[in-house]
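Encoded as structure tokens, the structure appears first; notes follow it.
The values are calculated or read from the model by the stated rules, or taken from the named source; none is laboratory data. Source: prediction; values computed, not measured. Every residue, glycine as well, gets a Cβ built from its backbone with ideal geometry; the counts of neighbours run over all protein chains shown. Ligands, DNA and RNA are stripped out before the accessible areas are found, and what is left, the full protein with its side chains, is counted by its heavy atoms. Shrake-Rupley method; radii C 1.70, N 1.55, O 1.52, S 1.80 Å.
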Amino acid sequence: GEKIQFLKNLDVDANVDISGNVDIAGNLTVEGLSTLNGGTLTLGDAATDNVVFGADVNSNIIPNTDDAYDLGTATQELRNIFIDGTAHIDRLDIDENATITGTLGVTNTVTFNDTLGVTGATTLNSTLGVGGVTTLNDQLNVNAPVEIAGASSFIHLPDDTEIHVGTG
């Protein structure tokens, strides 16, 4: 096909309808509302390209395929996530520290592979399995039968410890 070449600016004060492709070798600046309709929208063609948002996102961000895409990588992590509402997470893997303000409710098994520090009242409504040395620095109230089992099970109590057995 034939081409029209403009050696200076082109100003159009009316609508422009283009039924073919548009290739732009320089920058494109659009003022006003923009609507991009169609199939796939691709931004960038290399990992060195950037997409920069200078505005707020005003819609849901929904992946096309469930459980197929990541947000960040192990070497390109997002810094902070601010969520107001419920986070539905299939698996939570915390690399460093986690602080929970409020109530933590756990329905199934929880495994701790290092130190668990708890400040304040803690209620366990099921089995607590402990492997290794456990230190309690305050009062322990037990309102159910206690079983201590193992080949060399023992409880070490300091000399000034009081033990109350019974109903009161």
Problem - Label-zone membership for region 66-105, site Asn113, 7 angstrom Cα→C-beta point, backbone N under 17 Å - result: 91-98
Practice task
Rank Thr40, Thr127, Thr115 by how far each Cα sits towards the positive end of the charge dipole of region 40-136 (+1 on Lys, Arg Cβ; -1 on Asp, Glu Cβ) and give me just the farthest.
Solution key: Thr127
Problem - region 96-161 and region 20-48: distance between their alpha carbon centers, rounded to Å - result: 58
Practice task
Quick one: pull the percent of accessible area on region 11-62 belonging to carbon and sulfur, 1.4 Å probe, ligands and nucleic acids left out.
Solution key: 46
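Ignoring ligands, DNA and RNA, what accessible area per residue does region 33-168 give at 1.4 Å, in Å²?
Working: 15220 Å² over 136 residues.
Counting only protein heavy atoms, the per-residue value for region 33-168 is 112 Å².
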Completion exercise
In terms of the charge dipole of the chain, which places +1 on Lys and Arg and -1 on Asp and Glu at the beta carbon, the residue among Thr29, Ser59, Thr161 farthest towards the positive end is Thr161
Fill in the blank from the handout: Rounded to the nearest 10 Å², the 1.4 Å probe accessible area of Leu92 is 130
Practice task
Give the carbon-plus-sulfur fraction of the accessible surface of region 88-137 in %, rounded to a whole number; probe 1.4 Å, heavy atoms of protein chains only.
Solution key: 46
Problem - Per-residue HN-Hα couplings for region 118-129 [Karplus 6.51, -1.76, 1.60; θ = phi - 60°; Hz; x = Gly/Pro] - result: 10, 10, x, 5, 9, 10, 10, 9, 8, 6, 10, x
Exercise for the section: Read phi for every residue in region 18-23 and hand back ³J(HN,Hα) as whole Hz from Karplus 6.51 cos²θ - 1.76 cosθ + 1.60, θ = phi - 60°, with x for Gly and Pro. Expected result: 10, 9, x, 7, 10, 10
Practice task
With Cα extents along the principal axes in Å in mind, check (1) 98, 30, 27; (2) 54, 40, 31; (3) 45, 41, 30 and report the label derived from this structure.
Solution key: (1)
